[in-house]
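This report concerns only the one structure given below.
Bear in mind that the values in this text are calculations on the coordinates, not laboratory data. Model, not experiment: these values are computed from the prediction. We place every Cβ from the backbone using ideal geometry, glycine too, and count neighbours over all the protein chains shown.
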Amino acid sequence: MQKYFEYLFYLILFLIIHTYLIYPVIITIISLLKSDKKHQKYSGKVSVILSAFNEEKVIEERIKNLSELNFDFNKLEVLVGSDNSTDGTNDILTLLSKKYSWLNIRLFPKRRGKASVLNDLVKETKNEILVFTDANTKFDKDALLHLVSGFSDESIGGISGRLILEESEISKTHSVEEGFYWKYETFFKKAEGKCGVLIGANGGIYAIRKSLFNPVPTGKAVTDDLYLTLGILNEGKKFTYNYNAVAFEDVALTVKDEFNRKIRFAATNYQTIFNFKRMIFKPGLLSYSLWSHKIIRWLMPILMSLILGLNILIMPGSGFPEGIFYLQVIFYLMGLIGFIFASLNLRIRLFSLIYFFLVSNIALLIGLFKFLGGKNSGIWQSTPR
């Protein structure tokens, strides 16, 4: 039995190392072998879609940001749906719709969740290319031009832009390391995109063909951007990444805010992948990327618990596993120190990164329990900003 424990220990250790270190290297090497294609510039019409709920703090600035895009507004329509907002969002949108002829608003009288709003707005769009964004996102002035440029290639079903997360002075002192982690994510999102297998578009800036849109499920909550991405990949179309299509968002103000956000998305991510369970067993680069980039990471809290338990079981009289055990002890102690520093509003990056990583994995575990218990809802409050 001891031998089987050792085999399992080494397997889990490999999976952990693979998802964070080996896979990014492999997908980058594969992407370097892909030639850069020069696409004819796409010149068709575009529909921008945005779902909002109680966004009075940011919605006017968001629409103003869209108005400043370097784009032919004769080829653009913007549809904003307010999901029964109870603050000043509806009044602001009503005034703005009188100012901008390309802005179409829908003020829904009943709150149903983002998925229902998106589905209804898509039905009303007139154009073939759909661009999805959020109320708290800001586009670079050339972002839309870059984002849709690749759609002259019929093999491309979707394109994600590059999202840059900006820190506030508050988040800097509260050990919110999402921005640092996001830079790491962006590194191989770009590589996956070049291979045409981007696993999960950036929700604040991505575009798809309307002909490939499948209504987002409303019965059980899913992550809409991930759902639409996987749906297009499942159709055999490419989902790529345009590094020059840049958008900006602020990170959550505190670790607690980010923790709650990650719980919500973890639960919906599990539900999303369940809808595409057949895809994960298809041989090929897509399945490999899906396992390496998403599924193994979503199981990380379980894998971390297992490897610690197995480590304790096989450690007596063993050299390498004993070293791994002490590394784990040091890792968790550093996370504890990071927590103490965060409580004191001190930020030492090494400790705050480990603390944030552990908090994120606890959120994943809670999200898994919510998914298994069927408690994830499609109606939720946005992250405080």
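Structural remarks
- The stretch between Leu327 and Lys210, if pulled fully straight at 0.36 nm per residue, gains 37.1 nm over its current Cα-Cα span.
- Working from label points 7 Å from Cα in the Cα-to-Cβ sense, the Lys110 to Leu346 distance is 5.5 nm.
- When the alpha carbon gyration tensor of segment 153-263 is reduced to an equivalent ellipsoid, its three semi-axes come out at 28, 17, 10 angstrom, largest first.
- Put in order of Cβ neighbour count within 10 Å, fewest first, the listed residues Lys220, Lys98, Lys75 become Lys98, Lys75, Lys220.
- Applying a threshold of 26 Å to the alpha-carbon distances of Lys64/Lys256; Lys126/Lys282; Lys64/Lys294; Lys194/Lys220; Lys262/Lys375 flags Lys64/Lys256; Lys126/Lys282; Lys64/Lys294; Lys194/Lys220 as lying beyond it.
- The protection proxy used here, the mean number of other Cβ atoms lying within 10 Å of each residue, ranks peptides 127-139, 230-242 as follows, highest first: 127-139, 230-242.
- Radius of gyration, Dmax [segment 12-143; alpha carbons; angstrom]: 19.4, 59
- Spatial separation of Cα centroids for segment 217-244 and segment 91-169, in angstrom: 15 Å
- Take the Cα of Asp91, step 7 Å toward its Cβ, do the same at Lys282, and the gap between the two points is 5.0 nm.
- Residues Ser101, Ser305, ranked from the fewest to the most other C-beta atoms within 10 Å, line up as Ser101, Ser305.
- Alpha carbon centroid spacing (whole Å) that separates segment 7-51 from segment 278-334: 21 Å
- Efficiency of FRET between Leu8 and Glu185 - r from beta-carbon atoms, R0 25 angstrom, step 0.05: 0.30
- Principal semi-axes in Å for the chain [√(5λ), Cα gyration tensor, largest first]: 38, 25, 19
- Among Ser97, Ser352, Ser360, the ranking by other beta carbons within 10 Å of each residue's beta carbon, starting with the fewest, stands as Ser97, Ser360, Ser352.
- The relative contact order of the chain, computed from alpha carbon pairs under 8 Å that lie at least 6 residues apart in sequence, is 20 percent.
- Temperature 25 °C, viscosity 0.890 mPa s: under these conditions the Stokes-Einstein estimate for segment 253-385, based on its Kirkwood radius over C-alpha pairs, is 145 µm² per second.
- The chain: calculated mean residue ellipticity at 222 nm from DSSP helix runs of at least 4, using -39500 (n - 2.57): -15500 deg cm²/dmol
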